[in-house]
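This report refers to the structure that appears directly beneath it.
The values are calculated or read from the model by the stated rules, or taken from the named source; none is laboratory data. Not measured: the values here are computed from a predicted model. FYI the Cβ positions are ideal-geometry reconstructions off the backbone, even for glycines, and counts take in every protein chain you see. Each accessible area value is taken on the protein alone, full model and side chains, heavy atoms only, with ligands, DNA and RNA left out. Shrake-Rupley method; radii C 1.70, N 1.55, O 1.52, S 1.80 Å.
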Amino acid sequence: MENERKLTIARAMAEATAQEMRDDPSVFVMGEDIAELGGVFGNTRGLLEEFGKERVRDTPISETGFIGAAVGAAQDGMKPVVELMFVDFFGVCFDAIYNLMAKNTYFSGGNVNVPMVLMTSTGGGYSDAGQHSQCLYGSFAHLPGMKVVSPSNAYDAKGLMTAAIRDPNPVIYMYHKGLQGMGWLGTEAGAITHVPEESYEVEIGKAAIAREGRDVTIVSIAQGVHHGLKAADALAQQGISAEVVDLRSLVPLDRETVRASVAKTGRLIVVDEDYHSYGVSGEIIATVTESNMADLKAPPRRIAYPDVPIPFARVMEQHCLPNADKIAAAARDLCGAPVPA
Amino acid sequence: MQPAKGTLAWMYEKMVTSRRFENAIEKIYMEGKSPVFNMADGPIPGEMHLSDGQEPVAVGVCAHLEAGDVVTATHRPHHQAIAKGVDLKKMAAEIFGKATGLSGGRGGHMHIFDAEVNFACSGIIAQGMGPAAGAALSRQIQGKPGVAVSFIGEGAANQGAFHEALNLAAVWKLPMVVVVEDNAWGISVSKEASTAIKRNSDRAAAYGIPGHYIPGNDPRKIYEVAGEAIARARRGEGPTLIEVETYRLAGHFMGDAEGYRPDGEKDGLFAKDPIPVMRARLLAGGSFTDAELDALETGAQAAVDEAIRFARGSADPKPEDALTAVFA
Ligand SMILES: Cc1ncc(C[n+]2csc(CCOP(=O)(O)OP(=O)(O)O)c2C)c(N)n1
């Protein structure tokens, strides 16, 4: 069934990029190992073969240089799609990102556009330790001037990539390694979804209700959505109906969808694989408590990564990561159901 | 300056130890990862970067170092760690993520820290350069002896940190030596495709310091050039940049199918494997017998076996230990 074909997030990203490159000669791709290798996480496979070395460029390991160069190219009429292999590497090139890419439109009073996409991998869970496993969603979302998206499934991955490339603003496109569909990283089956052949956009700034429910709202993004869905399955068997909100985009943030869901359920759990403090979880809780205190039947909860670097050893890392059990236990607690030992 | 017989024996033994250690890691790494290769499975999860072929660089340089000298290493650190004298058992346990590991399993293979011998790592490309300069600066200010050596890959010489730290070291005449291991590849990108200059050692001219390129992956030549550079640093005459031609016999990391390598390139590399080459040269030189070299190899293997046994037999950390050691 041709029109029911399923893709991984990695292939969906590559397909959207290829379609935009076909339609728009100003789109080009650069980054480390994105040409011949097709990206360490597979999200640029096939692009070199179709578009050649001029438009699909392996770079030196010089992130300050090539991300800064993308800013310059974007301001000069191109639409670069640039890869920062692991989000953890942002430290060596953050100035190009948050002081140039994100601020030049503002500094120019809106007269200069920076229409680029910076894609980067997030997430751990496979023992790659503290410099290769972070999410850092909050670090990027905190600084103004860049949109931030992160898909939980292949359908959204394609639509968000198309929207990101067409957006006249800089977009940080964060893809979770555990959802890429690369066998060697384990495969989250729920991330492999039907993806239409034709081009389409998923609106940046619009959350999705991944599952409807009555009793508790679980808000998350990327991998956390799958943890939330699994928790919701387990909770359903115990008679608790959980609604799962997939943010899809952190900037802009769809506060309305979150508020409406909590208004309905009266309970809120935020799941965030990024560090606990000063991050997405606090922002979501503030979003709700700033306006709907009366709707809340219980204090909100967060299941986030504790404020420690990510350890290598499996037992320690797994202890720290969000998972469905932690979410389900919090939900039972919030809903007043007995927590099984 | 030619290495004395004892030094040559040490160099050979450390090269063999490193190779045997990595052979063991390689095998164990695949346990639990077949038939489906999932990086998260098995006794050693996560990425694994082997240094097979690059051993001469580590021994040629570290033969001149003592425990008090500082080494900063890369994401491919085992050969450098072994040559610097990092505790083999505790390093093995760290790579297995055990409580007895150097950091109790917090760091893993890309973050080997052994304070006893002043060895540190970073998995972020070129980020060992700043700390090496800092250690050298600290020695200079305190009037303490010792040098700092930063090992990096040739791909890393295109990072800002490389250029900034080198300039700093040069203007302040810091006791530092930078050793670039040129294995011709940065993951799938060749040096030719990423670096505008043939030899990174020529970049030394930009900082007014000596630069040396050493072809042939030859431990004796490396020993000689590194010896001069380290002596110069110890005399307070400032940093040196050395680039060494070496070979990466394995993939970038385990699981890398190396489709980007030109056909046949690797066959040529195995013919140049520096360990049999060194063995043959030591024998041909007449000062070593087969029996002596066999004994060194047996000793190296025994040390590796013991380290692996120790690592396998050690307990996992407690899960909640993850929350400790964030602050001093
Ligand atoms: C700042 C930064 N960018 C990218 C990477 C990803 N990465 C890890 S190893 C590597 C290639 C390094 O090549 P080289 O410096 O030549 O060392 P080699 O792997 O050949 O030993 C890259 C790009 C990283 N770890 N840090």
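Go ahead and run the numbers for FRET between B:Asp267 and B:Val36, Cβ-Cβ distance against an R0 of 22 Å, rounding to 0.05. Intermediate results must be reported in sequence, preceding the final value.
Values: r = 29 Å, r/R0 = 1.32.
Plugging the Cβ-Cβ distance into 1/(1 + (r/R0)^6) gives 0.15.
Got a sec? Which residues of the stretch A:126-151 lose 10 Å² or more of accessible surface with every protein chain in place, vs. that chain alone, 1.4 Å probe?
A:Tyr126, A:Ser127, A:Asp128, A:Ala129, A:Gln131, A:His132
For every other residue with a beta carbon closer than 9 angstrom to the beta carbon of B:Asp87, add +1 if it is Lys or Arg and -1 if Asp or Glu, then tell me the sum.
Numbers: positive: B:Lys89, B:Lys90; negative: B:Asp114, B:Glu116.
Every neighbour counted, the sum reads 0.
Helix-derived [θ] at 222 nm for chain A: sum -39500 (n - 2.57) over DSSP H runs of at least 4, divide by residue count, nearest 500?
Values: 11 runs with 118 residues, N = 341.
The helix contribution divided over chain A gives -10500 deg cm²/dmol.
Among A:Met101, A:Met174, A:Met316, which one moves the most in a GNM of chain A with springs linking Cα atoms closer than 10 Å?
Maximum among the listed residues: A:Met316.
Restricting to the stretch A:205-341, compute how many DSSP beta bridges are antiparallel as a %, nearest 5. Provide the component values of the computation, followed by the final result.
Details: 3 of 16 bridges.
Around 20 percent of the beta bridges assigned by DSSP in the stretch A:205-341 are antiparallel ones.
Of B:Ala165, B:Ile141, B:Ala231, which is farthest towards the positive pole of the protein assembly as shown's charge dipole, taken about the Cα centre with +1 and -1 on the beta-carbons of Lys, Arg and Asp, Glu respectively?
B:Ile141
What is the dipole size for chain A, taken about its Cα centre, with +1 at each Lys and Arg Cβ and -1 at each Asp and Glu Cβ, in debye to the nearest 20? Display every interim value, and only then the final one.
Working: 29 positive and 43 negative charges, 168 e Å.
Dipole magnitude for chain A comes out near 800 debye.
Could you sort the residues of the stretch A:16-65 by number and keep only those whose accessible area is reduced by 40 Å² or more in the all-protein-chain setting relative to the chain alone, 1.4 Å probe?
Buried on complex formation: A:Asp33, A:Glu36, A:Leu37, A:Pro60, A:Ile61.
Give me the angle, in degrees from 0 to 90, between the Cα long axis of helix A:280-292 and the longest principal axis of the Cα atoms of chain A, rounded to the nearest 10.
60 degrees
Given the protein chains as shown and a 1.4 Å probe, how many square angstrom of B:Trp172 are accessible, to the nearest 10?
120 Å²
At a probe of 1.4 Å, how much accessible area disappears from chains A and B on forming the pair, both sides counted, to the nearest 100 Å²?
On the way: alone 13980 and 14100 Å², together 24990 Å².
Chains A and B together bury roughly 3100 Å² of accessible area.
Mind listing the long-range amide H neighbours of A:Glu188? Cut-off is under 5 Å, sequence gap 5 or more, other chains count too, H placed in the peptide plane at 1.01 Å from N.
Close amide H contacts, sequence-distant or interchain: A:Gly181.
With the cut-off at 1.5 for a/c, could you classify the stretch A:159-312 from its C-alpha gyration tensor as rounded, prolate or oblate? Could you put the intermediate results ahead of the total?
Numbers: a/c = 1.43, a/b = 1.32, b/c = 1.09.
Verdict is rounded for the stretch A:159-312.
Of the candidates A:Val149, A:Val81, A:Val40, which one comes out as most mobile in a Gaussian network treatment of chain A with C-alpha springs shorter than 10 Å?
Comparing A:Val149, A:Val81, A:Val40 in a Gaussian network model of chain A, the most mobile one is A:Val40.
Give me the angle, in degrees from 0 to 90, between the Cα long axis of helix A:63-75 and the longest principal axis of the Cα atoms of chain A, rounded to the nearest 10.
Value to nearest ten degrees: 80.
May I ask for the net charge around A:His227, where only other residues with Cβ less than 14 Å from the Cβ of A:His227 are counted and Lys, Arg are +1 while Asp, Glu are -1? Walk me through the numbers on the way to the answer.
Numbers: positive: A:Arg211, A:Lys230, A:Arg301, A:Arg302, A:Lys326; negative: A:Glu188, A:Asp233, A:Asp246, A:Asp272, A:Glu273, A:Asp274, A:Asp325.
So the surrounding residues net to -2.
At 30 Å minimum axial length over the Cα atoms and a Kyte-Doolittle cut of -0.5, report the qualifying DSSP H helices in chain B, or say none.
What comes out of the filter, once short or polar helices are dropped, is B:5-30, B:290-313.
Between B:Thr289 and A:Lys326, with labels modelled 7 Å along Cα→Cβ, what's the label distance in nm to one decimal, could you check?
6.3 nm
At 1.4 Å probe size, with the rest of the protein present, what percent of the exposed accessible area of the stretch A:25-98 is carbon and sulfur atoms?
Details: 1350 of 2540 Å².
It is 53 percent, rounded to a whole number.
Dipole size in debye (nearest 20) for chain B around its Cα centre, Lys and Arg Cβ +1, Asp and Glu Cβ -1? Show your work: numbers first, answer last.
On the way: 33 positive and 41 negative charges, 154 e Å.
Rounded to the nearest 20 debye, it is 740 debye.
Helix A:154-166 versus the longest principal axis of chain A: what angle, 0 to 90°, nearest 10, using Cα atoms?
On a 0 to 90 degree scale, this one is about 50.
How many percent of the accessible area of the stretch A:134-262 is carbon or sulfur, using a 1.4 Å probe?
Details: 2010 of 3990 Å².
Solvent-exposed carbon and sulfur of the stretch A:134-262 make up 50 percent of the total.
If you roll a 1.4 Å probe over the heavy atoms of the protein chains, what accessible area per residue do you get for chain A, in Å²?
Values: 12380 Å² over 341 residues.
Here the residues of chain A average 36 Å² of exposed surface.
Per residue of the stretch B:197-213, what does 6.51 cos²θ - 1.76 cosθ + 1.60 with θ = phi - 60° give for ³J(HN,Hα)? Whole Hz please, x for Gly and Pro, Karplus curve as stated.
10, 6, 10, 5, 4, 5, 5, 4, 4, 5, 10, x, 10, x, x, 10, 10
For chain B, which whole percent of the accessible surface, found with a 1.4 angstrom probe, sits on carbon and sulfur atoms? Display every interim value, and only then the final one.
Details: 6980 of 12610 Å².
Carbon and sulfur: 55 percent of the exposed surface of chain B.
For the stretch A:26-177, give the magnitude of the charge dipole about the Cα centre (Cβ charges: +1 Lys/Arg, -1 Asp/Glu; no others), in debye to the nearest 20. Could the numbers behind the result be given before it?
Working: 10 positive and 15 negative charges, 90 e Å.
That gives a dipole near 440 debye.
Classify the stretch B:138-289: rounded, prolate or oblate, from the alpha-carbon gyration tensor (a ≥ b ≥ c, eigenvalue square roots; a/c under 1.5 rounded; otherwise prolate if a/b is larger than b/c)? Walk me through the numbers on the way to the answer.
On the way: a/c = 2.45, a/b = 1.33, b/c = 1.84.
Oblate shape, in that a/c is at least 1.5 and b/c is the bigger or equal ratio.
List the residues of the stretch A:234-263 whose backbone N lies under 12 Å from a point placed 7 Å from the Cα of A:Asp333 along the Cα-to-Cβ direction.
none
Suppose we compare each residue of the stretch B:171-191 in its chain alone and in the full protein complex with a 1.4 Å probe; which ones drop by at least 30 Å² of accessible area?
Correct list: B:Ile187, B:Ser188, B:Val189.
Considering amide H positions built from the backbone, and no H for Pro or chain starts, which residues 5 or more places from A:Val81, or on another chain, come under 5 Å of its amide H?
Placed amide hydrogens put A:Phe28, A:Val29, A:Met30, A:Val117 under 5 Å from A:Val81.
Can you find, among B:Ala58, A:Val27, A:Thr105, the residue sitting farthest towards the positive end of the charge dipole of the protein assembly as shown, where Lys and Arg contribute +1 and Asp and Glu -1 at Cβ?
Most positive-ward Cα: B:Ala58.
Would you calculate a helix-derived [θ] at 222 nm for chain B, using -39,500 (n - 2.57) for each DSSP H run of n ≥ 4 and dividing by the full residue count, to the nearest 500? Intermediate results must be reported in sequence, preceding the final value.
Working: 11 runs with 137 residues, N = 328.
Theoretical 222 nm ellipticity from helices: -13000 deg cm²/dmol.
Express in nm, to one decimal, how much length is gained between B:Lys173 and B:Lys198 on full extension, taking 0.36 nm for each residue of separation and deducting their alpha carbon distance.
Numbers: separation 25, 0.36 × 25 = 9.00 nm, distance 2.60 nm.
In short, 6.4 nm is gained.
Around A:Glu243, which amide H atoms from residues at least 5 apart in sequence, or from another chain, sit under 5 Å from its own amide H, with H modelled in the peptide plane?
A:Gly213, A:Arg214, A:Asp215, A:Val216, A:Thr217, A:Ile218
Over the Cα atoms of the protein assembly as shown, what Rg and Dmax result, in angstrom?
26.3, 89
Determine the sum of side-chain charges near B:Leu50: Lys and Arg each +1, Asp and Glu each -1, restricted to other residues whose C-beta is under 9 angstrom from that of B:Leu50. Walk me through the numbers before you get to the answer.
Values: positive: B:Arg76, B:Arg248; negative: B:Glu22, B:Glu26, B:Asp52.
Local net charge: -1.
How would you classify the stretch A:1-62 from its alpha-carbon gyration tensor, with a ≥ b ≥ c the square roots of the eigenvalues: rounded for a/c under 1.5, else prolate if a/b is greater than b/c, otherwise oblate? Mind dumping the intermediate values first?
Details: a/c = 2.61, a/b = 1.50, b/c = 1.74.
Note, shape of the stretch A:1-62 comes out oblate.
Running a GNM on chain A with Cα contacts under 10 Å, which residue among A:Met78, A:Met116, A:Met13 ends up with the highest mean-square fluctuation?
With Cα springs under 10 Å in chain A, the top fluctuation among A:Met78, A:Met116, A:Met13 is at A:Met78.
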